1. In Å, the Kirkwood hydrodynamic radius of the protein assembly as shown over pairs of distinct alpha carbons?
2. Which residue fluctuates the most in chain B, going by a Gaussian network model with Cα springs under 10 Å, if the choices are B:TYR209, B:TYR338, B:TYR220?
3. Compute the separation of the alpha-carbon centres of segment B:23-90 and segment B:107-122 and state it in Å as a whole number.
4. With +1 on each Lys and Arg Cβ and -1 on each Asp and Glu Cβ, and nothing else charged, work out how big the dipole of the protein assembly as shown is about its Cα centre, in Debye to the nearest 20.
5. At 222 nm, what value in deg cm²/dmol follows for chain A if DSSP H runs of at least 4 each add -39500 (n - 2.57) and the sum is divided by all its residues, to the nearest 500?
6. State the volume of the convex hull built on the alpha-carbon positions of segment B:80-177, expressed per residue in Å³ and rounded to an integer.
7. According to the square roots a ≥ b ≥ c of the eigenvalues of the Cα gyration tensor, what is the shape class of segment B:252-383, taking rounded for a/c under 1.5, prolate for a/b larger than b/c otherwise, and oblate for the remainder?
8. Given Cβ point charges of +1 (Lys, Arg) and -1 (Asp, Glu) and nothing else, what value in debye, to the nearest 20, does the dipole of segment B:252-383 about its Cα centre take?
Amino acid sequence: MTAAELIAFAAFEGGVYAQAFPAFGVERRGAPVQAFVRFSDEKIRLRSQIYEPDYIIVQDPTLIGDVDVFMGMKEGGIAIVNTEKPDFDSRVPEGARVYTIDATTIALEELGVPITNTTLMGAFAAATGEIKLEPLEHALRSRFSGSMADKNVKAAGRAYNQIGGAV
Amino acid sequence: MLEFMEGSHAVAEIVKRCRPQVIAAYPITPQTHIVEDLAQMVANCEIDAEYITVESEFSALSACLGASAAGSRVYSATTSQGLALMFEVCFNAAGMRQPIVMTIANRSLGAPLSIWNDQQDSISLRDSGWLQFYAEDNQEAADLHMIAYKVCEDHDVLLPAFVCFDGFILTHTYEPVTLPTQEEVDAYLPAFTPYQRLDAANPLSLGMYATPEYYMEFRYEVDRAMERAKQAFIKAGREFGEQFGRDYSALVEGYRLEDADTALVAMGSICGTAKDAIDEMREHGRKVGLLKIRTYRPFPAQEIANALKGVSTVAVLDKNISLGNGGAVGIEVKSALYGSGAAVYDYIIALGGRDVRKKDIAAVVDLAEKGKGDMFYGLRTEVL
Amino acid sequence: MALRAGCAAAPGRALENKTGAWRVFKPVFEPEKCTKCGMCALVCPEGCVRETEEGTFEPDLDYCKGCGICVEICPKKGIRMEKEEK
Ligand code: SF4
Ligand code: SF4
């Protein structure tokens, strides 16, 4: 949920309407969850969950295989998968692009903890072009303070550059 | 200025700026984020309020009742089973004419246990004498708290109010909202002037016992205050619009109703999804509109009848069920439209957190136009 | 009389409700027999037996319901019931 909220917040900082919400349920840190984000130039009124996403971020690679993480993905959609194995068995729908990034390693190196929210944000920004680097950094700096802000900006930046090179 | 935040946080922030003097609440999903935020604000001395920790919802509202009777502006929040546990105190608070404002993070009632959204909880308290306002989005949820205090504390009203917003669907959603500053809230909402208060130097008993010679008259007075609350709401909503540009003077609000043949009637966050669905149906030439009910109590029967004049088919979306007689809103809309000639159908929908999509709204409109209604929508017949 | 919002009133209103009106028998205390044990005041369900300046006891007939419990308890048989005459 934190990743979804941060992405929506960064998009909002970038000047669009945004909405982020969890697949409602038990709030236990680390439990497998889904969260959803919408962006729009107009005020967002729709409240249903998202069934046909344009973009999918898979934060936990161990879910792949157990859960159809790409369900409903549209043609021309983009998926960002946190994995160290770029050749993972993905069953990606036809016409969708997949970017892989080892966000866990980047997060461990930059933040010292395997919390991948901000790293994946950077990857998402680069892969989709929906968020520019500047509002992203602004979003991170208003959510984190001091050295944690610097570290998160660096982690996001590394992912941004890495994916940016692949786009 | 638009800010990006969680619905619960927006409500906590606006409650803070309404300057409650006493807060008593018991945490329960999905209301928890609101009261966690408020407890933190009290601990940080951001609000000059007493936060009374209690062991149950019954005690929470009892503490609020006492504090209100003593002349404080008070606040609480709850949902579902928590509200059920407050049942007795709710009736007393209204009968004692205490202007308590309580947020309801709408949730279903057990059994079976469900933490997810519908509106069964507040609607089940429809006869308690509390005003009930329903928010479509987090902006409206925040704004309605300011209006609620103004309406409740009006000496022509003196009744408590629920500000209802859908659990999880709004409480846990992050979206942009504009929050008035403390100075702006102060300019809109003056300090609480109690009509009468408990005072050791001048003792008073509230809610004294009434013999059969008096009881009915007291109930009549509460009902009349409910009726007067309509005008008080319209006035407070208009003043809000004048000051902040968002007008809430309407007890019901139409969306693309002007030339509509079929009208949906709904309350709360489902109205947003319905509006998007209506836009799509309109693109296909379907003359569909929405009537959103903002104040369920007092019930705006006349306003509904006026707004739906000329509509031939009405489909009421009920996120509750009055077991044995269909949805509570549908029953009342039918009575409001009695004799109008419109065909009114009721749909029990989205109970216990069942997601509602645009295509579901369109399917309901199809059913109503075919004359099929007064039913549960979207039942999974394979498990029955 | 207009109703007061919230059914509010000054406390002590129960005193105005003189509950002794429907009695058939009333207790008659004989202070000369009284040993001032205080049992009558203790058991009276209406709490309407009070001590006099002499230390003996008497009922407040505004609230006495004529139940006769004080008669039963008095060890000196110093209380008797008499038919109420109106
Ligand atoms: S008769 Fe009953 S009520 Fe009256 S004084 Fe005796 S005990 Fe009390
Ligand atoms: S019980 Fe009898 S003896 Fe005792 S105080 Fe009362 S009247 Fe006197």
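The values are calculated or read from the model by the stated rules, or taken from the named source; none is laboratory data. Owing to the predicted nature of the structure, the values given are computational and were not obtained by experimental measurement. Please note: Cβ atoms are built from the backbone with ideal geometry, for glycine as well, and neighbour counts cover all protein chains shown. These accessible areas exclude ligands, DNA and RNA; they are computed on the full protein's heavy atoms, side chains included. Shrake-Rupley method; radii C 1.70, N 1.55, O 1.52, S 1.80 Å.
1. Across the protein assembly as shown, the inverse of the average 1/r is 28.1 Å.
2. B:TYR209
3. 20
4. It works out to roughly 1240 debye.
5. Helix contribution divided over all residues of chain A: -12500 deg cm²/dmol.
6. 79
7. Rounded.
8. In debye, rounded to 20, segment B:252-383 gives about 140.
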